[in-house]
Amino acid sequence: MPDRISDIWGPRTPYPRGGQWPVRVDQALADGVHEEDVDRWVQSACVLCSNGCALDIAVKDGAMVGVRGRAQDVVNRGRLGPKGLHASWQGVAHRDRLTRPLVRENGRLVECDWDTAMERIVSRSRSLLADKGPGSHGFYTSGQLFLEEYYALGILTKAGLGTPHVDGNTRLCTATAATAMKESFGSDGQPGCYRDVDECDALFLYGHNMAETQTVLWSRVLDRLEGPDRPKLVCVDPRVTEVARWADVHLAVRPGTNLALMHGLVREVVAQGWVDQEYVAAHTLHIGDLAQHMDRWTPEAVARECGVSAQDVREAARIFGTSPRVVSTVLQGFYQSAQATASACQVNNLHLLRGMLGRPGCAVLQMNGQPTAQNAREAGANGDLPGFRNWANAEHVAQLAALWDVDPARIPHDGPPTHALQIFEEAERGSVELLWIAATNPAVSLPQLPRIRDILAAEDLFVVVQDLYLTETARYADVVLPAAAWGEKTGTFTNADRTVHLSEQAVAPPGQARSDLDIFLDYARRMGFRTRSGEPLLDWSGPEEGFDAWRECSRGRPCDYTGLSYEMLRGGSGVQWPVNAEHPEGTPRLYTDGRFPTRAHEAESYGHDLHTGESMAEEAYRVMAPEGRAQFKTAPYEGPSTVSTEHPLRLATGRTAYHFHTRTKTGRTPVLDAAAPEMWVELSVPDCERLGLREVDVVRVDSEHGHVTAPVRVGDVREGTVFAPFHYGSGRHGTTSPGGPGASAHRSDASRGHRAANELTHTELDPVSHQPVFKNTPVRVTRVADATGPAPAPATTASRPARAGTGT
Ligand SMILES: Nc1nc2c(c(=O)[nH]1)N[C@H]1C(S)=C(S)[C@@H](COP(=O)(O)OP(=O)(O)OC[C@H]3O[C@@H](n4cnc5c(=O)[nH]c(N)nc54)[C@H](O)[C@@H]3O)O[C@H]1N2
Ligand SMILES: Nc1nc2c(c(=O)[nH]1)N[C@H]1C(S)=C(S)[C@@H](COP(=O)(O)OP(=O)(O)OC[C@H]3O[C@@H](n4cnc5c(=O)[nH]c(N)nc54)[C@H](O)[C@@H]3O)O[C@H]1N2
Ligand code: SF4
Ligand SMILES: [Mo]
């Protein structure tokens, strides 16, 4: 079995520019199971990050016993990373899966049957609808369900209940990706594709630790870096990540200063005359607006503000300005940092300036993180209207009303849909009284956890949690619904480069667990939602009928799925949308003709002021008449919120290669749990010297909101920065079993541990995308105890001990 623990990226298969990425098939089977023992292989794709690596699930005696990468798929050509290889199947087969619904009785959660659980929800729902109206209902969902499930949720919340309070954890994840694409290009939808990695001459990774967070895509990059026509690599990250180690230029910016750097890069590209004037004149608007923001950002000014060298800024700009083909990727170091949308749009702007979109090797990948974040955005489960429709465009609302056969007035569109943090705020104020949480664990993943716990624990908030496990969040629920996991249900999902995969059911769910789709359909049926002609609003027979319904919804929109079917997705590779009469085989690249969906009748948004977040009015947008041109947009630089003498360091939180989020799957996968078993915090060598800290000494980290206690890694972060993984909640999945289905959990048992990074974070949001700033919290670090035990931080990743000697 391949070792993806010590050898995360596997053996190299170098290839030249323009060549095809060679196949390398990775396979894992349970101990004692051999290939010939496998009863059947069932087609699927991995749901442990946005890369969406295609794989087949090995089934033996009705159980998942392993996986194998699909050689024929364009995304991974057979490869799998540590999570895909191990956690995809082991993470859902654990003995403590929820198998029956739970309801709260006299303060405790007790097992019950589905009728009891659903009727409890429906009766609360009905009485709230009668007394308070639809705005009393809030839905907080995920980037990890299937397309059909989101679309069902979109229909039931928008056309059934009529509540505007629906969002996904995609708000924490890729809201800025979507917003940046809407602002620049008129619509969500990745312009480029992974094949552009094969074709490019330079790669820019902006706040993206791809080596750990999309390990298989990083293998592709490594194979180019070790191939004959090595592309240049530029990394923008305050830590010495694996990406930084390979980079030609590493811009280790001070956290929160991305926008100053971007202004500097744009200024330099313009000043050196590297602009594609013809492209800009034909396909863009507002280039004149850029100068006011960037004039002062000379390489020297950037160097002072960002703490990097002016020479490196010049060199990075030169690589961008003179390479014929550049791929840029952007992720949380930008999206979860200060001025996220304005910074992400400057990456789009660089590509527009150089005319580097829509042709091989020229791509901006405003990345996704979660495996199905794209679908949450497409299907309207994340604070948008389905099919990338614009809530402010009456015609778009009318299209949906016609499709669903409901009164347009039923579909909330008086203002922007409520974003996630605002839904929690509505619950805090008492106006949302039923909060339905599906496939996300906010008691670990939302910022400022002490506040989130108070909101979830409030007596008058009715909380429904739909999950695989009794999570930190489920412990606050009034009703817990046991969901079928990946491999136990069928559906489709779309990765970060628009590649759609079908994931087929391989095994039966445990006990009485049901698919999220079945749960949503059951709720809609019990609520008796009807169309105008009196038909049931939502009565699909299963996922395939849901997919067909979605195809109609997507017709004529940028994310057009009309030419796709389950049948077409079986057997071969995943297919990239749009797939329609014009593009029957799918579409690798958008905007090949330089025409963008910015006409008023097609745009997903009329746009915002990126500095204030104020929406642009329809009238003003129509007068501006973008007519298919992209827009240069950004904002003046403000800089990160300031640190104080009390909290002099900046906490940036993020990920390690071995764990996925709140570890509900990876913490239950023995090899991954062992690779990173416990919380840690990383500090720089100079900060450790100043604080008298040695490797594994225990520190207390305090912010304005809370504290955590964890051992120290003397690491390769920038001085003044503290890095902490956000994976560790109160559950110790890997080592201790909570004992049975946790049926007796009590509210007060819920997460009170002091190891979740979000004990510390604050609620600060980007003004346009409303994505939280998870990467910039002022903190103080104090030593509380001597080193005990081995270091829990991995030594194979960005978290390895500092190269320049350590404080030990
Ligand atoms: N192993 C693993 N892979 C995952 C996930 C996982 O949990 N584990 N989750 C998936 C999901 S949902 C997501 S969203 C992605 C996230 O993928 P990434 O965005 O790659 O991951 P992060 O570790 O959150 O942040 C990336 C980098 O941002 C840097 N950073 C911090 N502050 C700043 C700043 O101000 N400026 C810049 N330029 N950089 C900064 C950090 O040092 C960090 O290395 O990963 C996906 N893949
Ligand atoms: N401090 C800090 N906080 C962060 C981040 C950060 O970088 N720093 N990153 C943010 C980002 S980008 C993200 S994406 C979020 C992730 O945060 P969460 O979404 O809270 O993380 P997960 O652990 O993935 O939670 C998913 C839940 O869904 C359950 N689940 C899995 N599959 C299914 C299914 O098919 N059906 C149902 N019903 N349940 C299922 C899992 O058991 C798990 O409990 O965290 C955010 N929070
Ligand atoms: S790169 Fe992402 S999708 Fe691929 S195997 Fe790893 S976790 Fe799964
Ligand atoms: Mo994410």
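The values are calculated or read from the model by the stated rules, or taken from the named source; none is laboratory data. All of these numbers come straight from a predicted model, not from anything done at the bench. All Cβ positions, glycine included, derive from the backbone under ideal geometry; neighbour counts span all protein chains shown.
Just a few scattered comments:
- Given (1) touching a Phe, Trp or Tyr at 6+ places or on another chain (Cβ under 8 Å); (2) outside the structural domain of Ser337 (by TED's automatic domain parsing); (3) away from ligand 1 (no atom under 16 Å from the Cβ); (4) among the charged types (D, E, K, R), index of the condition Glu618 fails: (2)
- Condition check for Arg700: part of a strand (DSSP E or B) and surrounded by fewer than 18 Cβ atoms within 10 Å (Cβ to Cβ): yes
- Residue match in the stretch 280-295 (condition: more than 23 Å from Pro636 (Cβ to Cβ), buried (at least 19 other Cβ atoms within 10 Å of the Cβ) and of a type outside the set (Asp, Glu)): yes
- One residue alone among Ala657, Ala635, Ala674, Ala625 is touching a helix residue (DSSP H, G or I) at 6+ places or on another chain (Cβ under 8 Å), away from ligand 2 (no atom under 16 Å from the Cβ) and of a type in the set (A, V, I, L, M), and that residue is Ala635.
- Arg694 falls short on exactly one of the conditions (1) buried (at least 17 other Cβ atoms within 10 Å of the Cβ); (2) of a type in the set (Lys, Arg); (3) more than 25 Å from the chain's Cα centre (by Cα); (4) not in a strand (DSSP E or B), and that condition is (1).
- Condition met for Ser125 (away from ligand 2 (no atom under 16 Å from the Cβ), buried (at least 20 other Cβ atoms within 10 Å of the Cβ) and at negative phi): yes
- Breaking point among (1) out of contact with any helix residue (DSSP H, G or I) (no Cβ under 9 Å at 6 or more places or on another chain); (2) under 18 Å from Arg97 (Cα atoms); (3) polar (S, T, N, Q), for Thr471: (1)
- Phe424 vs. criteria in contact with a helix residue (DSSP H, G or I) (Cβ under 9 Å, 6 or more places away or on another chain), in contact (Cβ under 8 Å) with a residue 12 or more places away in the chain and in a helix (DSSP H, G or I): yes
- Criterion applied to Arg498, Arg525 was being more than 16 Å from ligand 4 (Cβ to nearest atom) and at negative phi, and the one residue passing it is Arg525.
- Verdict on Val464 being more than 16 Å from ligand 3 (Cβ to nearest atom), over 24 Å from the mean Cα position of the chain (by Cα) and within 18 Å of Gln512 (Cβ to Cβ): no
- Checked against the criterion of being surrounded by fewer than 24 Cβ atoms within 10 Å (Cβ to Cβ), in contact (Cβ under 8 Å) with a residue 40 or more places away in the chain and touching a Lys or Arg at 6+ places or on another chain (Cβ under 7 Å), the stretch 435-453 has no qualifying residue.
Okay, residues lined up against (1) within 30 Å of Asp198 (Cβ to Cβ); (2) among the polar types (S, T, N, Q); (3) buried (at least 24 other Cβ atoms within 10 Å of the Cβ):
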position	(1), (2), (3)
Val110	no, no, no
Thr141	no, yes, yes
Glu149	no, no, yes
Thr157	no, yes, yes
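- First in the stretch 675-690 and among the hydrophobic types (A, V, I, L, M, F, W, C), second anywhere and assigned to a helix (DSSP H, G or I) and surrounded by fewer than 24 Cβ atoms within 10 Å (Cβ to Cβ), Cβ under 8 Å, 6 or more apart: Leu683/Leu691
- Candidate set from the stretch 176-204 (those that are of a type in the set (A, V, I, L, M, F, W, C) and part of a helix (DSSP H, G or I)); member that is nearest to Arg17 (Cα to Cα): Val197
- Exactly one residue out of Glu212, Glu242 is within 16 Å of ligand 3 (Cβ to nearest atom), in contact (Cβ under 8 Å) with a residue 24 or more places away in the chain and surrounded by fewer than 24 Cβ atoms within 10 Å (Cβ to Cβ), and it is Glu242.
- Any hit, the stretch 329-347, residues being within 25 Å of Tyr591 (Cβ to Cβ) and either outside the structural domain of Arg220 (by TED's automatic domain parsing) or in a strand (DSSP E or B) (or both): yes
- Filter result for Gly380 (under 16 Å from the mean Cα position of the chain (by Cα) and either farther than 26 Å from Leu217 by Cα or aromatic (Phe, Trp, Tyr) (or both)): yes
- Inter-residue pairs, beta-carbon under 8 Å, first more than 20 Å from Ala484 (Cβ to Cβ) and in contact (Cβ under 8 Å) with a residue 12 or more places away in the chain and in the stretch 142-171, second outside any loop (DSSP other than H, G, I, E, B) and within 16 Å of ligand 3 (Cβ to nearest atom), 6+ apart: Thr170/Ala373
- Of the criteria (1) surrounded by fewer than 18 Cβ atoms within 10 Å (Cβ to Cβ); (2) among the hydroxyl-bearing types (Ser, Thr, Tyr); (3) under 21 Å from Gln336 (Cα atoms), which one Thr257 fails: (1)
- When residues of the stretch 375-387 are limited to those that are over 19 Å from Glu602 (Cβ atoms) and in a helix (DSSP H, G or I), the one farthest from ligand 1 (Cβ to nearest atom): Asn375
- Residues located in the stretch 16-68, provided they are within 16 Å of ligand 4 (Cβ to nearest atom) and surrounded by fewer than 16 Cβ atoms within 10 Å (Cβ to Cβ): none
- Qualifying residue in the stretch 182-201 (condition: within 22 Å of Gly81 (Cα to Cα), within 16 Å of ligand 2 (Cβ to nearest atom) and buried (at least 24 other Cβ atoms within 10 Å of the Cβ)): no
- Selection from the stretch 151-175 of residues that are more than 16 Å from ligand 4 (Cβ to nearest atom) and either at pLDDT below 95 or assigned to a helix (DSSP H, G or I) (or both): Tyr151, Ala152, Leu153, Gly154, Ile155, Leu156, Thr157, Lys158, Ala159, Gly160, Leu161
- Cross-chain or 6+ apart pairs with Cβ under 7 Å, the stretch 331-347 first and more than 17 Å from Ala291 (Cα to Cα), then at pLDDT 95 or above and among the basic types (Lys, Arg): Gln332/Lys775; Gly333/Lys775; Gln336/Lys775; Ser337/Lys775
- Residue in the stretch 722-729 that is within 16 Å of ligand 4 (Cβ to nearest atom), in a helix (DSSP H, G or I) and crowded, with 24+ Cβ neighbours inside 10 Å present: no
- Scanning the stretch 581-603 for residues that are over 16 Å from Val74 (Cβ atoms), touching a residue at least 12 places away in the same chain (Cβ under 8 Å) and more than 27 Å from the chain's Cα centre (by Cα) yields Ala581, Pro584, Asp593, Gly594, Arg595, Arg599, Ala600, His601.
- Residue that is farthest from ligand 3 (Cβ to nearest atom), among those in the stretch 648-669 that are in contact with a strand residue (DSSP E or B) (Cβ under 6 Å, 6 or more places away or on another chain) and not hydroxyl-bearing (Ser, Thr, Tyr): Leu649
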